[in-house]
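Working notes, structure below.
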Amino acid sequence: MATSENIVTVAELRAAEARTMRDVPEDVLMDRAAAAVADAALDLAAERGLPSAGLRVCVVAGPGNNGGDALLAGALLARRGASVVAVVAADRAHERGVRVLEEAAGEGAVSGVAFPLGRERVLDSQLVIDGFSGIGGRAGLPDDAWSLLGRAVAVGLPIVAVDVPSGLAADSAALPAPDPGARPDVPPRYVVADVTVTFTAPKRCLVEQPAAAAAGRVIVADVGIELGA
């Protein structure tokens, strides 16, 4: 269970990852993370009465390893019979993640964010994997990411967040402030997930309110990173 007693900070986790990767390849850690995300996605789909065969999944990926975890999770889902596409909401993507997903789901499964294709891919899906920013993200989301993830939130698509919901700052319990000058009915730019699969230990934004309300059900997945000196 995610509780305030076992919170890890981003700095502590980064240090633990660096120690672990002296002995364990980064690809191994990412594959473990991807497996946990894929399992959570299938569980959430089942809860919503959606069969895994032909399940339409859209991965929204950022430029770093969080996006890589999400893309690799998409590849696992494709191998289990889901129909998976991805939209990269950044100017670059995790190269291995893109390659593995396209090998599993077919050439062209990964696209850029260009309107309207990116948003159409999100709206045509039955489940979204949020892999935009993760623990390295800042409060709030940039325009490209929000054009996709904000739409998924607005229409109520089931969302699985990778590590933390994008738009939350991992070490903070605060929610992002609304954009300056925004109308009162325009929400702040952050993902409200149904399930968050976080790795190794909980982060402050997942267990302390008000940010924790955006995380949904929190699953702490052990990927083999040892905390402590």
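Only residues that are among the polar types (S, T, N, Q) and either more than 13 Å from VAL84 (Cα to Cα) or crowded, with 20+ Cβ neighbours inside 10 Å (or both): list them for the range 113-127, please.
Within the range 113-127, just SER125 meets the criteria.
If you scan the range 113-131, which residues turn out to be touching a residue at least 60 places away in the same chain (Cβ under 8 Å) and of a type outside the set (A, V, I, L, M, F, W, C)?
Once the filter is applied, which keeps residues that are touching a residue at least 60 places away in the same chain (Cβ under 8 Å) and of a type outside the set (A, V, I, L, M, F, W, C), the range 113-131 yields ARG121, ASP124, SER125, GLN126, ASP130, GLY131.
Can you work out which of the residues in the range 130-145 that are under 15 Å from ASP69 (Cβ atoms) and in a helix (DSSP H, G or I) is least open to solvent (accessible area, probe 1.4 Å)?
Among those residues, the one meeting the criterion is GLY134.
Quick grid of which residues meet (1) within 17 Å of ARG151 (Cβ to Cβ); (2) not charged (D, E, K, R):
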{"position": "LEU77", "(1), (2)": "no, yes"}
{"position": "VAL88", "(1), (2)": "yes, yes"}
{"position": "VAL100", "(1), (2)": "no, yes"}
{"position": "GLU107", "(1), (2)": "no, no"}
{"position": "ALA114", "(1), (2)": "yes, yes"}
{"position": "ARG119", "(1), (2)": "yes, no"}
{"position": "LEU127", "(1), (2)": "yes, yes"}
{"position": "GLY136", "(1), (2)": "no, yes"}
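Residue-by-condition table, conditions (1) surrounded by 24 or more Cβ atoms within 10 Å (Cβ to Cβ); (2) acidic (Asp, Glu):
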position: GLY64; (1), (2): no, no
position: LEU72; (1), (2): yes, no
position: ARG79; (1), (2): no, no
position: VAL84; (1), (2): yes, no
position: ASP91; (1), (2): no, yes
position: HIS94; (1), (2): yes, no
position: ARG99; (1), (2): no, no
position: ALA104; (1), (2): no, no
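Which residue out of ALA193, ALA169, ALA173 is over 23 Å from LEU72 (Cβ atoms), open to solvent by less than 40 Å² (accessible area, probe 1.4 Å) and in contact with an Asp or Glu (Cβ under 8 Å, 6 or more places away or on another chain)?
Going through ALA193, ALA169, ALA173 in turn, the sole match is ALA173.
The values are calculated or read from the model by the stated rules, or taken from the named source; none is laboratory data. Predicted model only: the values in this text are computed from it and were never measured. Methodologically, a virtual Cβ is constructed for each residue, glycine included, from the backbone with ideal geometry; neighbour enumeration extends over all protein chains shown. These area figures cover heavy atoms from the full protein model, side chains too; ligands, DNA and RNA do not enter into them. Shrake-Rupley method; radii C 1.70, N 1.55, O 1.52, S 1.80 Å.
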